[in-house]
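> There's a structure below that I have some questions on.
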Amino acid sequence: MLFGLIWLWTDPEALARHARSAIGIVSGPVMPSARGYWAAFALAWLPAGLFVLAMLRLGRLFRAFGEGRVLVEENAAGLLRVGWLLAGFGAATPIVRAAQSVALTFDNPEGQRQIALMLDPGIFAALAAGATLIAFGLVLREAIRLSDENQSFV
């Protein structure tokens, strides 16, 4: 994802396609000023960072599962963190894209500046996945509590 992000922002044609399809800039050429370009580029790292962090945490969680550590509080907390990171990614993406549309067009002549709000199925999928993982984390936390309670009776 990080390499794709860098490639996207170094290829003017790819950036123009992305600005039209994902960010929502619909009219006029996409030729941002230097400050608009760098502001939009910096904004792109927020959702990318949340997604990469979520995937790294998910990898750590699967490693723990692979080692046989399933019903431990650390895993429940890890699952909750991944869920919140994915939910944050889903919530941050449309806000960042709207801010990018402003950044990419704020040095345009009057009448050619834009703000665009784009929602796509990927955003809703990230929010749904985040909510699901949060719910699973809470269920796992309760399962751990019940398992500990049951073991204390024996």
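> Match the structure shown to one of the listed values [x] 0.98; [y] 1.17; [z] 1.00 of Rg/Rh (Cα atoms, Kirkwood Rh), computed from it, and give that label.
Entry [y].
> Still on this structure, I have one more. Could you give the length gained on full extension between Ala135 and Glu13, defined as 0.36 nm per residue of separation minus the Cα-Cα distance, in nm? Could the numbers behind the result be given before it?
On the way: separation 122, 0.36 × 122 = 43.92 nm, distance 4.12 nm.
Roughly 39.8 nm would be gained on extension.
> Run the numbers for Leu5 and Leu71: contour at 0.36 nm per residue of separation, minus the present Cα-Cα distance, in nm. Write down the numbers at each step before the final one.
Details: separation 66, 0.36 × 66 = 23.76 nm, distance 3.69 nm.
Length gained, Leu5 through Leu71: 20.1 nm.
> Using Cβ contacts closer than 10 Å as the measure, can you line up Leu71, Leu119, Leu104 from fewest to most? The partial results should precede the final answer.
Details: Leu71 14, Leu119 11, Leu104 27.
Ranking Leu71, Leu119, Leu104 by Cβ neighbours within 10 Å, fewest first, gives Leu119, Leu71, Leu104.
> Please give, to one decimal in nm, the separation of the simple spin-label points placed at Val52 and Arg35, each 7 Å out from Cα toward the Cβ.
2.7 nm
> Note down the relative contact order for the chain as a percent, whole number, built from C-alpha pairs under 8 angstrom at least six residues apart.
Working: 184 pairs, mean separation 46.0, N = 154.
About 30 percent, as a whole number.
> With n ≥ 4 as the cut-off for DSSP H runs, can you work out [θ] at 222 nm for the chain, using -39500 (n - 2.57) per run divided by the number of residues, rounded to the nearest 500? All intermediate terms of the calculation are to be shown ahead of the outcome.
Numbers: 5 runs with 115 residues, N = 154.
One gets -26000 deg cm²/dmol as the mean residue ellipticity at 222 nm.
> In whole Å, how far is the Cα centre of segment 1-62 from that of segment 72-105?
Cα centroid of segment 1-62 versus Cα centroid of segment 72-105: 14 Å apart.
Here, each number is a calculation from the coordinates, and none is a lab measurement. The structure presented is a predicted model; accordingly, all values stated were derived computationally and were not measured. As a convention, Cβ positions derive from the backbone with ideal geometry for all residues, glycine included, and neighbour counts pool all protein chains shown.
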